[in-house]
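This report concerns only the one structure given below.
The values are calculated or read from the model by the stated rules, or taken from the named source; none is laboratory data. This one's a predicted model, so the numbers in the text were calculated from it and none came from an experiment. Positions of Cβ are backbone-derived with ideal geometry, glycine not excepted, and every protein chain shown enters the neighbour counts.
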Amino acid sequence: MTTATLTRASSSPWRLRWRRFYRNKAALSGLIVLGLLIVFSLLAAPLESFLEIDANNADLLSRFDPPSAQHWLGNDELGRDVLVRLMYGGQVSLAVGFAATLLGAMFGVTVGLLAGYFGGRTDAVLMRLTDGVIALPLLPLLIILAAIDLTKLGFSTDFARSGAASFYRIVLIIALVDWTRIARIVRASTLSVREREFILAARVSGAGTTRILVRNVLPNVIAPIIVACSQVLGSVILFEAVLSFLGFGIVPPTPSWGNMLNNAQELVTTAPALAIYPGLLIFITVVAVNFVGDGLQDAFDPRAN
Amino acid sequence: MRSDRLDEAPGQDLPRLSVPPVLEVDGLTVDFPSPHGGKRVVDGISYSIARGRTLGVVGESGCGKSMTALALLGLVPSSGRMTGRITLNGRSLSDLSAKDWPDVRGQRIALVFQEPMTALNPAMRIGDQIAEVLTIHEGLRKTEARERAIEQLRLVGIPSAAERAKAYPHQLSGGMRQRAVIAMALACRPDVLIADEPTTALDVTIQAQILELMQQLQDEIGMAVQFISHNLAVVSEIADDVIVMYAGQIVERASSADLFAEPLHPYTQGLIETLPEIGRAQDELPVIAGTVPSHYHDIPGCRFAGRCPKADASCRAVAPALRPVRLGREVACHKVS
């Protein structure tokens, strides 16, 4: 009896979800791999100082050096350490992934909540906007957006040329198109939550619209939001790689997995390893994220026990 | 605000009749207009409830009971239109703007729902849900509101309230959940509590506990209660006065004792006959044949005529008005003299 009460008392929805997630081995390994990748990227600076090298320092005398005690994965075409650049590139690629997903999610959630809750004309306008964005031919649009000259928008030349500018730019560009999937999912869930009696109950107890949206609707659509975000994250990381590969993403010398792949493309025959490392990391990351997404989907499924 | 209501509170010794009504409803009508003529769901009903009294509202499903409750809270769906006057403590609610309604809801008029499972937010702890009402209406800070929520749970007889406040709705039993819903409804000490079939979803022993709790809280807080139910046995136990609704109209009004001793309207008689009696063998329970007509506002005569055993041609032609027949009793039927 006592144990029964204790386990019941601790079974908040989040604990139950975590337990279901934990049982899913593929998802759990995905999460661990993702964690390891983050740790791997964050170790860039410590490793750099430990090995006493500089990832951005070109050394034309040691181009394509094979792996050595100081350069564990060898050097690239400009004589820079491949491992440390992969680690820095991971920071950039993962940061772009998380930031663009988060930004897109914030916008998508807002649009979805408003459309689903108010319905009628609001819904029609917002959803046609969403459909419109989905219908845009992405790649040409992104290339145009990436080609916008920031100095003409009033930013200083220093900022426009900096790595930070290309980071913000790519995050914004990806967020601009990745919110649609989240908006649709949130709208659909909001439509069904809106009709539940506790929403009426909240209105009966005098809650205003904002409060109802934030306190009553949002917590009940959080599950589909998280699942959608995990799926979007995978495609965002891939997208950053595509854009950087095409030369419209992160501007060298700042490394990202995408632009390292780009640099390596003409060297594929002479130094295939330079293409394989970043390609493999992108692959592992996306697979891990997708496993986590699947696991979250199952863990949040209300029909599971 | 709170203190002057406390001064009013010890008024139980006054004669009941002299207590001014807390809630007055006059000619309340709810229409759902549509290109095909629309539907009148509630048709000109009037009643009042005094402080500390309980009004039972009985009738079958689909006769406008719940819509009446929503109208009192200004929550008629946007496709509907409400007319008539609602007065709470002498202040008219009918012309309240959408901005002012939230101050009434939950604070002056509260509602207890039928289904305690669906009326609670599954993603929020019970204590937080009650605290929420207090933050909205009394501007309490989080910790204060939480304390009060626990107090409130204790008031409705939830054991180890501090611990239960941290529970999610799915972790509580049906009876406990309904207690929590009542705790939430009464958090701001409302003047009027509308209970919309509050015990229908509960099993019989829990029903009795919840009814007892509601009566006890009514004595403590002194609110007026509008108790909506199709369960006559429950209404006879808890209500002081009863109105019987049929097809959007009041067909009979009486004190609870009179109504159950001698129902006058054939519909009321039919409802009471359908109650099974313990200790009497019955092969078959009597029923009222047919159902509430769906487009009842088009019927020219008495709306019950189609199902009434006493109906004749005049019943079908002329609608009977609600008229006083005896001291304190009103009925809408041509056949009652």
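In this entry, A:I170 is excluded by the filter for residues that are surrounded by fewer than 17 Cβ atoms within 10 Å (Cβ to Cβ), away from every other protein chain (no Cβ under 12 Å) and closer than 28 Å to A:W257 by Cβ. Hey, does segment B:231-238 have a residue that's within 25 Å of B:M214 (Cα to Cα) and among the acidic types (D, E)? So far as segment B:231-238 goes, yes, one or more of its residues are within 25 Å of B:M214 (Cα to Cα) and among the acidic types (D, E). If you go through segment B:134-190 and keep only what is away from chain A (no Cβ under 12 Å), basic (K, R) and either touching an Asp or Glu at 6+ places or on another chain (Cβ under 8 Å) or more than 23 Å from B:V104 (Cβ to Cβ) (or both), you end up with B:R141, B:K142, B:R146, B:R154, B:R179. The residue that is farthest from B:K65 (Cα to Cα), counting only those in segment B:276-301 that are among the hydrophobic types (A, V, I, L, M, F, W, C) and in contact with a Ser or Thr (Cβ under 9 Å, 6 or more places away or on another chain), is B:L285.
Screening segment B:143-159 for residues that are among the aliphatic types (A, V, I, L, M) and touching a residue at least 24 places away in the same chain (Cβ under 8 Å) and picking the one that is farthest from B:L211 (Cα to Cα) gives B:A149. Could you check, for segment B:291-308, whether at least one of its residues is modelled with pLDDT of 90 or more, crowded, with 18+ Cβ neighbours inside 10 Å and small (G, A, S)? No: segment B:291-308 contains no residue that is modelled with pLDDT of 90 or more, crowded, with 18+ Cβ neighbours inside 10 Å and small (G, A, S). Whether a residue is in a helix (DSSP H, G or I) and surrounded by 18 or more Cβ atoms within 10 Å (Cβ to Cβ) was assessed, and B:A145 passes this test. Within segment A:142-167, the residues that satisfy the criterion of being surrounded by 12 or more Cβ atoms within 10 Å (Cβ to Cβ) and farther than 18 Å from A:P252 by Cα are A:L142, A:L145, A:T151, A:F155.
In segment B:256-337, counting only helices (runs of 4 or more DSSP H) that sit wholly within it, the ones holding 2 or more residues that are under 22 Å from B:K39 (Cα atoms) span B:313-317. Selection of segment A:34-91 for residues being touching a residue at least 40 places away in the same chain (Cβ under 8 Å) and among the aromatic types (F, W, Y) yields A:F40, A:F64, A:Y88. Checked against the criterion of being buried (at least 19 other Cβ atoms within 10 Å of the Cβ), under 16 Å from the mean Cα position of the chain (by Cα), within 28 Å of B:L23 (Cα to Cα) and among the small types (G, A, S), the candidates B:A187, B:A183, B:A195 yield just one match: B:A195. Within the set B:Q114, B:Q107, the sole residue that is surrounded by fewer than 22 Cβ atoms within 10 Å (Cβ to Cβ), within 9 Å of chain A (Cβ to nearest Cβ) and modelled with pLDDT under 85 turns out to be B:Q114. If you filter segment A:182-192 down to residues that are more than 13 Å from chain B (Cβ to nearest Cβ) and buried (at least 20 other Cβ atoms within 10 Å of the Cβ), you find that the one that is farthest from A:T130 (Cα to Cα) is A:T190. Can you tell me which residue within segment A:250-305, out of those that are loosely packed, with under 15 Cβ neighbours inside 10 Å and among the polar types (S, T, N, Q), is nearest to A:A147 (Cα to Cα)? Looking at residues that are loosely packed, with under 15 Cβ neighbours inside 10 Å and among the polar types (S, T, N, Q), I get A:Q265.
All of B:I126, B:I86 fail the test of being touching a helix residue (DSSP H, G or I) at 6+ places or on another chain (Cβ under 7 Å) and within 25 Å of B:Q209 (Cα to Cα), apart from B:I126. Exactly one residue out of B:R146, B:R85, B:R91 is at pLDDT 90 or above, farther than 26 Å from A:P219 by Cα and among the charged types (D, E, K, R): that is B:R85. All of A:G120, A:G104, A:G97 fail the test of being under 30 Å from B:N121 (Cβ atoms), of a type outside the set (F, W, Y) and in contact with a helix residue (DSSP H, G or I) (Cβ under 6 Å, 6 or more places away or on another chain), apart from A:G104.
Can you find, within segment B:90-104, the residue that is farthest from the other protein chains (Cβ to nearest Cβ) among those that are surrounded by fewer than 14 Cβ atoms within 10 Å (Cβ to Cβ) and of a type outside the set (A, V, I, L, M)?
Top of the filtered list is B:G90.
Residues that are within 18 Å of the chain's Cα centre (by Cα) and under 20 Å from B:V42 (Cβ atoms) within segment B:85-111 comprise B:R85, B:I86, B:T87, B:L88, B:L93, B:V104, B:R105, B:I109, B:L111, listed in sequence order. Residues in segment B:22-43 that are buried (at least 16 other Cβ atoms within 10 Å of the Cβ) and closer than 24 Å to B:R329 by Cα: B:V22, B:L23, B:E24, B:V25, B:L28, B:T29, B:V42, B:D43.
Against the condition among the small types (G, A, S) and over 30 Å from A:V217 (Cα atoms), how does A:A99 come out, does it pass?
It is false that A:A99 is among the small types (G, A, S) and over 30 Å from A:V217 (Cα atoms).
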